[in-house]
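Report on the following structure.
The values are calculated or read from the model by the stated rules, or taken from the named source; none is laboratory data. All values derive from a computational prediction rather than experimental measurement. Here the Cβ positions follow ideal geometry from the backbone for every residue, glycine too, while neighbour counts run over all protein chains shown.
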Amino acid sequence: MNQLICFDSSELLAFHQLDVAGLPLAEQLDAILGLAAKTLAGDGLGMNDVIFIIAELTDMRDRPIVNEAQKRIWTRPECYPCRIILERGGFKAGARVRLLFTATKAPHRQINSTKGQMPTGPFSRSAVVGGRVYGSGVRPIIPGTQTIVSEDLKECARQCLRNLATNMEESGANLKKAYSFTTYLPDLANVGLVMEVFGEYGISGSEAALSFEKVDALNEYHPIEIAGNANL
């Protein structure tokens, strides 16, 4: 991805020597988003140039507060950043949340569609920048019913890839053009099972970068989430 600006809310808080630990989470988020806006303004950009956010929470039950904070900044769905939201304790962010921002100076489009798994928050399915597609994380949800497909981890991984394929196709790409996947798991003992599913789809580490990240919890406490990036 070219012409990118990436920054971490924990580093922003430290740089500005801003202690928000005693504030309610909603006020912490407003402070962090305000610092993000100032950071972007220094490069001649605005918050609508943010294409991706990774939100790390110390408690997934705080997710609705994050959603409301985002809606105060990004008021139109066509401007919603892509997002991955997860629970991961132990980081030192000076707050109950850590936001990792990716913005771009290049022309870009945030993709929203009525096909596939519907977003359960203020985020876009994917972002198109130049000749690449960057996708939000997808969960093992059946489109239409918005319910988890199965308790079986391999079937959950298959549903994630089906949902990711739909999102990529709506953005002009497909799974065969994907060059990286990140899988989020509460239990890394399941990496082997997920690799078997990638193999079923003809996806291997020699053709795409496959990474796995340990999380404490995912949205609705689902067992897996997968994000992917592709070439157009």
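Values as computed for the structure displayed
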quantity	calculated
Of all residues making up segment 169-187, the number that are among the small types (Gly, Ala, Ser) and buried (at least 21 other Cβ atoms within 10 Å of the Cβ)	3
Restricting segment 18-64 to residues that are acidic (Asp, Glu) and within 23 Å of Tyr221 (Cα to Cα), the residue that is surrounded by the fewest Cβ atoms within 10 Å (Cβ to Cβ)	Asp59
Matching residues in segment 198-214 - criterion: being farther than 14 Å from Arg162 by Cα and either under 22 Å from the mean Cα position of the chain (by Cα) or of a type in the set (S, T, N, Q) (or both)	Ser204, Gly205, Ser206, Ala208, Ala209, Leu210, Ser211, Phe212, Glu213, Lys214
Failed item in (1) of a type in the set (Val, Ile, Thr); (2) under 24 Å from Thr183 (Cβ atoms); (3) loosely packed, with under 14 Cβ neighbours inside 10 Å, with Thr75 passing the rest	(2)
Single residue of segment 212-228 satisfying the filter (of a type in the set (Asp, Glu) and outside any strand (DSSP E or B)) that is modelled with the highest pLDDT	Asp216
Whichever residue in segment 108-131 is under 17 Å from Leu175 (Cβ atoms) and of a type in the set (A, V, I, L, M, F, W, C) and, among such residues, is modelled with the lowest pLDDT	Ile111
Segment 209-232 residues that are in contact (Cβ under 8 Å) with a residue 60 or more places away in the chain and within 19 Å of Met168 (Cα to Cα), paired with ones that are of a type in the set (S, T, N, Q) and in a strand (DSSP E or B) (beta carbon under 8 Å, 6 or more apart)	Ile224/Thr183; Glu225/Thr183; Ile226/Thr182; Ile226/Thr183; Ala227/Thr182; Gly228/Ser180; Gly228/Thr182; Asn229/Ser180
Condition met for Asn190 (modelled with pLDDT under 95, surrounded by 18 or more Cβ atoms within 10 Å (Cβ to Cβ) and part of a helix (DSSP H, G or I))	no
Test for Gln110: is it surrounded by 20 or more Cβ atoms within 10 Å (Cβ to Cβ) and over 19 Å from Glu220 (Cα atoms)	yes
Strands (runs of 3 or more DSSP E) contained entirely in segment 1-93, each with at least 1 residues that are under 18 Å from the mean Cα position of the chain (by Cα) and of a type in the set (Lys, Arg)	82-87
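Results for (1) closer than 22 Å to Ala106 by Cβ; (2) in contact with a helix residue (DSSP H, G or I) (Cβ under 7 Å, 6 or more places away or on another chain); (3) among the charged types (D, E, K, R), shown as yes or no for each residue.
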site: Val133; (1), (2), (3): yes, yes, no
site: Gly137; (1), (2), (3): no, no, no
site: Val149; (1), (2), (3): no, yes, no
site: Leu153; (1), (2), (3): no, yes, no
site: Asn167; (1), (2), (3): yes, no, no
site: Lys176; (1), (2), (3): no, no, yes
site: Asp187; (1), (2), (3): no, no, yes
